[in-house]
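The structure appears right after this line, and notes come after that.
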Amino acid sequence: MKKLLDIMAALRNPETGCPWDIKQTFKSVVPYTLEEAYEVADAIENGDMDELKSELGDLLFQIVFYAQMAKEQNEFDFDDVVNAVSEKLINRHPHVFAGVESGDERALHEAWEQVKAGERNEQASTEKASILDGVAQALPALKRAQKLQKRAAREGFDWPDVEPVLAKIEEEIQELRDAMQQNNQASIMEETGDLLFSCVNLARHLNVDAEESLRACNQKFELRFSYIESVLNKSGKSFQSCSLNELEALWLEAKAVKTEQA
């Protein structure tokens, strides 16, 4: 770890460091951090442990980068980051570190959320504190929607079961149809967002992670689309030369093939 920290300090040395690293700021590094996090997820999904090792190193480097910049501003350093997360983990796991009886998994989850809520209350003043504080704006929209809903649900702001959620989706679809008939683009965008938000709510009620579900769907689409591309290339055809019925038939064929392979 010391070797990595020393490398980072050398890269940021204003006289002998790397010009690119020297000019970076907290904000300018954020896009790279998000990219590295998704590359870690891709390596895990692909089951590539060598790639995962490499990507975890890249992600760790992002943390070291922020810590070095903070150290230069006399805010905190890498040791402070490590100590803070260590204390947080100890506080959030009293059943491991304080001898508190753990109970089942549901009880553990509830205790975890209670501790997190207490931490948020300590960090915010009474006037400014909100149940939704701390849900990062930079999260992917689906993930953030699910976290916002989860926070609200813990306070009782939620449907009792899945049926009203399904009804809400049907209602949002109709409102989107109405906006389309009026040809009001602003309303269409708003109603599309409402529909997506309701679909995320459905996923939450079904104990499905909306972000992961969509990522899996994207991957499935890519596989099926690639199959169609392969068939068309072998036949000398293009998408433009095929009718919608032909493309639909190929799509169903791709579904069947992938199902058999699975």
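The values are calculated or read from the model by the stated rules, or taken from the named source; none is laboratory data. Given the structure is predicted, the values throughout are model-derived calculations rather than measurements. Every residue, glycine as well, gets a Cβ built from its backbone with ideal geometry; the counts of neighbours run over all protein chains shown.
List of remarks:
- Long-range neighbours under 7 Å by Cβ, at least six apart or interchain, first residue in the same structural domain as A43 (by TED's automatic domain parsing) and on the phi < 0 side of the Ramachandran plot within region 219-235, second assigned to a helix (DSSP H, G or I) and among the polar types (S, T, N, Q): none
- Restricting the first member to region 56-80 and to residues that are β-branched (V, I, T), and the second to residues that are in a helix (DSSP H, G or I), the beta-carbon pairs closer than 8 Å and six or more apart or on different chains are I63/F78; I63/V81; V64/L4; V64/L5; V64/M8; V64/F78.
- Flag if D42 is surrounded by 14 or more Cβ atoms within 10 Å (Cβ to Cβ), more than 30 Å from L223 (Cα to Cα) and not assigned by TED's automatic domain parsing to the domain that holds K220: no
- A residue that is over 27 Å from L142 (Cα atoms), surrounded by fewer than 14 Cβ atoms within 10 Å (Cβ to Cβ) and touching a helix residue (DSSP H, G or I) at 6+ places or on another chain (Cβ under 9 Å) can be found somewhere in region 243-253.
- Of all the criteria given as (1) surrounded by 14 or more Cβ atoms within 10 Å (Cβ to Cβ); (2) over 25 Å from N46 (Cα atoms), the one not satisfied by K234 is (1).
- Number of the condition not met by E87 [criteria: (1) acidic (D, E); (2) more than 30 Å from L223 (Cβ to Cβ); (3) in contact with a helix residue (DSSP H, G or I) (Cβ under 9 Å, 6 or more places away or on another chain)]: (3)
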